[in-house]
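The values are calculated or read from the model by the stated rules, or taken from the named source; none is laboratory data. Because the structure is predicted, anything quoted here is derived from the model rather than measured. Cβ: placed from backbone, ideal geometry, glycine included. Neighbour counts: every protein chain shown.
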Amino acid sequence: MGEERVRIGIVGAGIAGERHAEAFARHPRASVAGIAELDADRGRRLAQRVGAAYFADYRAMLRAGLDAVVICLPHALHRACALDAAGAGVHMLLEKPIATTLDDARAIVGAAERAGVWLMMGYVHRFRPEVEAARDLIARGRLGRPRTVLDRFISGGMQDTPRWVWDRSQAGGGVVMYGGVHAIDRLRWLLGDEIVEVYARTDTCTNPVDVEDAVCAVVTFASGATGVLYEHAPAYGRLGAWTTEVFGTDGALIVTTGATLEYRGRDGAQRWTYGEDRRFERQADEFLAAITGGRPPSVTGDDGLRGLEVALALYRSAASGRPERARS
């Protein structure tokens, strides 16, 4: 595409839509051309803030000559929007999870492939420097063979999240579908390994909803490594941080999200501190680099499909009381 700016449309002007719009608006290779949002007041406010046109219907925005869209809708609406975007021949950055069912996820991946457009998943935590550095330590063998993992993800309850997040018909579930898919992707990506089996319990502890606000799961990786995934979204607010611990045969690390990376191994100990959070800008940069470079993005639709397989296996296990396979 040369030196021309990539024309971006944002579908959905909620919390995620705002973050994406602001990130692309700051990027020298992008132009936010449109904001599509049913809530006219919210949509117009964001459009004015980033210098974009407002659209009440995303399909009208797709006809306005875009190069790419960022889809930030309730999860159950992903399929329809993604298929329309693929039909319009525009590249897609799709917020997690990819969909609420495997049929919808496969339809999205297939539509993008047939249309010849790039589909990138919005697993934005891959673009945190402390998480990238942790993955690099593991990939370089500083931990030896990873054997055990603990991921503790504490988020806000209904007071901190949109109400649709707690509506099964829109979100597909509770904390597993909203935040747990991030944790699943982090574990897959950090270890470079697939989760093949899960054993999970879910609960609704403090929020007046009919979906889970807590999950505790044991996950087994293809390599034989074992992980524990713990997530809670209490109605009384957060306590603690998002931490990920990986213990291997030669060393261990602890990531405290947005803050530190600590390492201890046979070759000594180190601690790094991180400050400025630019994960949305760095994700935007990767998406734009893929589009302008004519190459697949580093986070693919297949990553979205794999993460959804694990999330749905967690639900099946919680219902059956037995371990469940996480690959279809």
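Among the residues of region 44-75, those identified as within 15 Å of Ala25 (Cα to Cα), of a type outside the set (S, T, N, Q) and assigned to a helix (DSSP H, G or I) are Arg45, Leu46, Ala47, Arg49, Val50. For the residues Thr243, Thr256, Thr202, the requirement of being in contact with a helix residue (DSSP H, G or I) (Cβ under 6 Å, 6 or more places away or on another chain), at pLDDT 95 or above, closer than 15 Å to Ile154 by Cα and of a type outside the set (A, V, I, L, M, F, W, C) singles out Thr202. Examine region 90-107 for a residue that is part of a loop (DSSP other than H, G, I, E, B), buried (at least 18 other Cβ atoms within 10 Å of the Cβ) and either among the hydroxyl-bearing types (Ser, Thr, Tyr) or modelled with pLDDT under 95 (or both), and state whether such a residue exists. Yes: region 90-107 contains one or more residues that are part of a loop (DSSP other than H, G, I, E, B), buried (at least 18 other Cβ atoms within 10 Å of the Cβ) and either among the hydroxyl-bearing types (Ser, Thr, Tyr) or modelled with pLDDT under 95 (or both). Looking across His78, His20, one residue alone is within 23 Å of Arg278 (Cα to Cα), assigned to a helix (DSSP H, G or I) and at pLDDT 95 or above. It is His20. Just one residue in the set Ala60, Ala33, Ala80, Ala47 is free of Cβ contacts under 8 Å to residues at least 40 places away in the same chain, surrounded by fewer than 19 Cβ atoms within 10 Å (Cβ to Cβ) and more than 22 Å from Val109 (Cα to Cα); that residue is Ala60.
What residue, among those in region 34-63 that are out of contact with any helix residue (DSSP H, G or I) (no Cβ under 7 Å at 6 or more places or on another chain) and closer than 19 Å to Trp118 by Cα, is modelled with the lowest pLDDT? The extreme case among them is Arg63.
For region 206-225, a residue qualifies if it is of a type in the set (A, V, I, L, M) and surrounded by fewer than 21 Cβ atoms within 10 Å (Cβ to Cβ), and the qualifying residues are Val209, Val211, Ala214, Val218, Ala222, Ala225.
Every test in (1) in a loop (DSSP other than H, G, I, E, B); (2) within 16 Å of the chain's Cα centre (by Cα) is passed by Thr206 save one, and that test is (2). The set of residues in region 270-325 that are crowded, with 21+ Cβ neighbours inside 10 Å, β-branched (Val, Ile, Thr) and out of contact with any His (no Cβ under 7 Å at 6 or more places or on another chain) comprises Val299, Val310. Taken over region 158-185, residues that are touching a helix residue (DSSP H, G or I) at 6+ places or on another chain (Cβ under 7 Å) and assigned to a helix (DSSP H, G or I) amount to 13. Evaluating Pro234 against the criteria (1) on the phi < 0 side of the Ramachandran plot; (2) assigned by TED's automatic domain parsing to the domain that holds Arg140; (3) at pLDDT 95 or above leaves one unmet condition, (3). Scanning region 108-143 for residues that are assigned to a loop (DSSP other than H, G, I, E, B) and under 13 Å from Leu261 (Cβ atoms) yields Arg128, Arg142, Leu143.
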